[in-house]
1. Give the residues of region 283-319 that are in contact with a Leu (Cβ under 8 Å, 6 or more places away or on another chain) and not aliphatic (A, V, I, L, M), sorted by residue number.
2. Counting just the residues of region 104-123 that are of a type in the set (A, V, I, L, M, F, W, C) and surrounded by fewer than 20 Cβ atoms within 10 Å (Cβ to Cβ), which one comes out nearest to R238 (Cα to Cα)?
3. Being outside any helix (DSSP H, G or I) and more than 26 Å from the chain's Cα centre (by Cα) is the filter; apply it to region 275-294 and report the residue that is nearest to I186 (Cα to Cα).
4. Quick test for you: out of T329, T268, T257, pick the one residue that is crowded, with 18+ Cβ neighbours inside 10 Å and either over 26 Å from the mean Cα position of the chain (by Cα) or not in a loop (DSSP other than H, G, I, E, B) (or both).
5. Scan region 128-150 and give yes if some residue there is more than 19 Å from the chain's Cα centre (by Cα) and basic (K, R), otherwise no.
6. Please go through (1) open to solvent by less than 10 Å² (accessible area, probe 1.4 Å); (2) free of Cβ contacts under 8 Å to residues at least 24 places away in the same chain for P101 and return the number of the only condition it doesn't satisfy.
7. Could you figure out which of (1) in the same structural domain as T366 (by the TED database); (2) assigned to a helix (DSSP H, G or I); (3) open to solvent by 40 Å² or more (accessible area, probe 1.4 Å) isn't true of R339?
8. Can you pull out every residue in region 92-112 that is within 14 Å of the chain's Cα centre (by Cα), farther than 13 Å from A176 by Cα and not in a helix (DSSP H, G or I)?
Amino acid sequence: MAKPTHQSRPCTDGFSFLAGLFFALFFVWFFWCFIALYHHKPNFGFLPFPIPGSGYAAHDPNPQPDPIDTTFYDDPELSYFIESPVKNWDQKRRVWLDLHPSLASGSRDRVLLVTGSQPSKCKNPIGDHLLLRLFKNKVDYCRLHGHDIFYNNAYLHPKMDSYWAKLPVIRATMLAHPEAEWIWWIDSDAVFTDMEFRVPLGRYENHNLVVHGWPNMVYGDIYNKSWTGLNAGVLLIRNCQWSMDLIDEWASIGPQTPDFENWGRILTSVFKDKPFPLPDDQSALIYLLFTDEERWGKKTYLEWEYYLEAYWIGVVGKYDNFTESYAETERNDSGLRRRHAEKVNEWYGAKRETYIKGRVRRPFVTHFTGCQPCSGEHNPQYTGDSCWDEMNRALNFADNQVLRNYGFVHPDLSSSTVSVLLERLID
């Protein structure tokens, strides 16, 4: 009988095939993991927490989408030019926000700070340096509080320069930033000198314009008006149709109108202390408020309970007293002296606020009205050196509140020299 030939078992062949397939897949998986690990950038537990008040996540890798739905931006008649009125702005802005829900969230408290300077270089030899430091001060404040900032150095209307230049900028900014509820204009010569203070927006819920001023001086005796009843160099204006209309009315007194000189005669007859004959934005605003209080005055909040802006002459000599007053609060609560990250600075500011109430507090904004740091053509009441020296002291006073988080301080406010900050963290 013939011998049976040897044959492979079917199960053995199947097992060998599967084993080979497994090892091939394992090799591919291992190689892919190695490549991915090589290119991976670890975040070490970092979470992109939103910046308070901004509505944007820090380092968000996904750009903001813009739906294809038609908005006011698609209107061929839309013009950013101040002499082209905008109508139905509240509805147009609402439609845009509805199409951008991520930006609509938190929009009621969103603030965009706007400032700027002239387009040409400064005549004052140290003017450009001062403007740089003044801008840094505003950037510091915005970073600490999560505000966006726009710096403009172009005249958006050829005839509206000097103090009138802000109106075209504010109007164009409202159109460019429908996500912002408040546009916060601050003159270039104004310095934030309380870097922890936050504007109490809830107080202005029923108002559309906030300026530093006094009701009795604006709405009081019509025969004894002062052009300093408010200061228009620092203001908050709501992004709404009312504000669009106010800017149109306000600008109608400006240098681009044929009645400019006539308006000058009207304003100088009303404001006996007005030092120059041509119209300025400040006296024009006061005139609008008291001549049509029903339309403009009722929606304007004259803030006098804190220094939305403080005239520099009255506060620069008190910086050392402010520093000592705040140091005393830290002696009462050693936790306020604890080193901390800049991102949580607002929490410490809110905690400090409980001690500051009822005490001497830092001026929120110190306004160097009349100094003209760029042109150098300051008010003859004081010398240029006093302007520049005190401006530097104010900037160093504010900078100390920032540098402290970085471990340094200006020991002498008159000098930009810094020293390492040595603090006792506990009593």
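The values are calculated or read from the model by the stated rules, or taken from the named source; none is laboratory data. From a predicted model like this one, the values you see are computed outputs, not experimental measurements. Cβ sites come from the backbone with ideal geometry, for glycine too, and all protein chains shown count toward neighbours. Heads up: the accessible areas ignore ligands, DNA and RNA and are worked out on the full protein's heavy atoms, side chains in. Shrake-Rupley method; radii C 1.70, N 1.55, O 1.52, S 1.80 Å.
1. The answer is S283, Y287, W296, G297, K299, T300, Y301, Y319.
2. Step one: filter region 104-123 for residues of a type in the set (A, V, I, L, M, F, W, C), giving 104, 111-114, 122.
Restricting the remaining residues to those that are surrounded by fewer than 20 Cβ atoms within 10 Å (Cβ to Cβ) gives 104, 122.
Numbers: A104: 15, C122: 32 Å.
The residue in question is A104.
3. Taking region 275-294 as the starting set, the residues that turn out to be outside any helix (DSSP H, G or I) are 275-280, 292-294.
With the extra rule that they be more than 26 Å from the chain's Cα centre (by Cα), the set shrinks to 275-279, 292-294.
Working: P275: 23, F276: 23, P277: 25, L278: 23, P279: 20, D292: 25, E293: 24, E294: 27 Å.
Out of the qualifying residues, it is P279.
4. Values: T329 fails: crowded, with 18+ Cβ neighbours inside 10 Å; T257 fails: crowded, with 18+ Cβ neighbours inside 10 Å.
Unique residue meeting the criteria: T268.
5. No, because not a single residue in region 128-150 is more than 19 Å from the chain's Cα centre (by Cα) and basic (K, R).
6. (1)
7. R339 satisfies every listed condition except (2).
8. R110, V111
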